[in-house]
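The structure under discussion appears below in the form of structure tokens.
Read the figures in this text as sums done on the coordinates, not as results from a lab. These numbers were taken from a predicted model, which means no experiment stands behind them. A quick note on method: Cβ atoms are made from the backbone with ideal geometry, for glycine too, and the neighbour counts reach across all protein chains shown.
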Amino acid sequence: MGRLVRSISEDGAVLMMAADTTDIVAEAQRIHGTTKVVSAALGRLLTGASFMGQMMKEEKGSVTLRVNGGGPAGTVLAVSDSLGNVRGYAANPKVELPLRPDGKLDVGGAVGKDGYLGVIRDFGEGEPYSGQIPLVSGEIAEDITSYYAISEQIPTVCALGVLVNPDQSIACAGGFLIQLLPAADGETVAAVEGCLEGLRPVTAMLADGMSPEEICKTVLKAFPMEILDSFEIGYRCGCSRSRVERALLSAGKKELEEMAADPITTVTCQFCGQKYEFTPEQLKKLLREAEEQ
Ligand SMILES: [Zn+2]
């Protein structure tokens with residue numbers, strides 16, 4: 001399991017969340033067989049989605065982050081429920097790219113920056129809210145920061161990181177998200193900026209074995225930070241046979257009739273790889289039931 005911690009400064013001016021998502025990104029890597037650079041891109045987006053999902057107050061709410069940057073990884077998508085449990089995929093999980101000149105994985109190169117970060121907030125009822133911003137760098141954390149600045153006018157600092165071992169397994173993954181609350185003033189802003197100067201990468205902190213609590217207190221060292229709560233988070237897919245049936249029906253009658261000509265139709269969940277098989281008889285029964293309704 002991963003873990004997400006929320007903390008707040010004693011004066012109520014700064015909120016900070018930090019998460020260790022190593023197990024979540026490892027699970028995503030196992031499911032999708034992602035290469036190093038795609039593990040990093042997807043892992044960062046999953047971690048960012050978890051923060052944004054966790055902030056939703058609606059129990060049945062969910063957040064979808066979709067990055068389309070025109071890079072070789074194609075669309076990268078992550079969904080979080082309101083507890084911070086996530087799932088996701090990259091259209092092309094097997095992209096290989098040379099390291100950047102600074103020795104880091106070229107996430108921006110894999111994602112591309114010629115496109116958009118789309119955010120959909122589904123509240124579980126009523127119309128979902130959706131917004132999008134042009135990508136800043138395709139490095140994900142900067143793009144999420146920019147989303148908050150442009151779409152929600154909330155001053156935000158986001159750091160996300162994934163460290164991949166030579167054998168493609170995930171050494172560590174996680175990040176943090178800092179937001180200024182209405183009680184923040186110019187002094188708060190300057191103090192937060194001071195904390196961020198010369199800060200080590202979040203992966204270095206995780207690799208040292210620092211917990212999310214320790215990351216909160218270390219990063220915002222100028223503030224007395226109070227830990228509010230801690231949540232276990234996981235890679236969780238909510239797919240089921242009945243959901244797949246609904247998706248098949250939404251594809252339309254003609255499509256379903258064509259599928260029923262095949263001896264067996266296999267539908268694979270994009271998020272978890274679970275396979276659902278349908279015989280022609282089962283597809284025809286679905287069609288009949290839909291027509292009766
Ligand atoms: Zn699934």
How much length, in nm to one decimal, is gained on full extension between Ala171 and Ala183, taken as 0.36 nm per residue of separation minus their Cα-Cα distance? 0.5 nm
With the calculation restricted to Cα positions, what are the radius of gyration and Dmax of region 89-205 in angstrom? 16.7, 47
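Could you list the square roots of 5 times each eigenvalue of the Cα gyration tensor of region 175-293, that is, the equivalent ellipsoid semi-axes, sorted largest first and rounded to whole Å?
On the way: eigenvalues 574, 57, 29 Å².
The answer is 54, 17, 12 Å, longest axis first.
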Kirkwood Rh in Å, taken over the chain so that all alpha-carbon pairs contribute: 20.2
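Given the Cα-Cα distance of Asp208 and Gln282 and 0.36 nm per residue of separation, how much length would full extension add, in nm? Don't skip to the end; give the middle numbers.
Numbers: separation 74, 0.36 × 74 = 26.64 nm, distance 5.32 nm.
Full extension from Asp208 to Gln282 adds 21.3 nm.
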Tell me which lysines have Cα within less than 24 Å of Lys285's Cα, excluding those fewer than 8 residues away on the same chain? Lys253, Lys254, Lys275
Mean Cβ-within-10 Å packing, highest first, puts peptides 94-104, 30-40, 128-138 in the order 30-40, 128-138, 94-104
At most 16 other Cβ atoms within 10 Å and a DSSP loop assignment: could you name the GluC sites (Glu not before Pro) in region 254-286 that fit? none
Determine the dipole magnitude for the chain: charges of +1 sit on the beta-carbon of Lys and Arg, -1 on that of Asp and Glu, nothing else is charged, the reference point is the Cα centre, and the result goes in debye to the nearest 20. 760
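Using C-alpha positions alone, give me the convex hull volume of region 241-292 per residue in cubic angstrom. Present the calculation step by step, with values, prior to reporting the outcome.
Numbers: hull volume 3.6 nm³, N = 52.
Considering the Cα atoms of region 241-292, their hull volume per residue is 70 Å³.
Counting pairwise Cα distances across region 40-82, what percent come out greater than 17 angstrom? Provide the component values of the computation, followed by the final result.
Values: 282 of 903 pairs.
Here the tail beyond 17 Å accounts for 31 percent of pairs.
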Can you tell me how much longer the chain between Tyr129 and Gln153 gets when fully stretched, taken as 0.36 nm per residue apart minus their C-alpha distance, in nm with one decimal? 7.1 nm
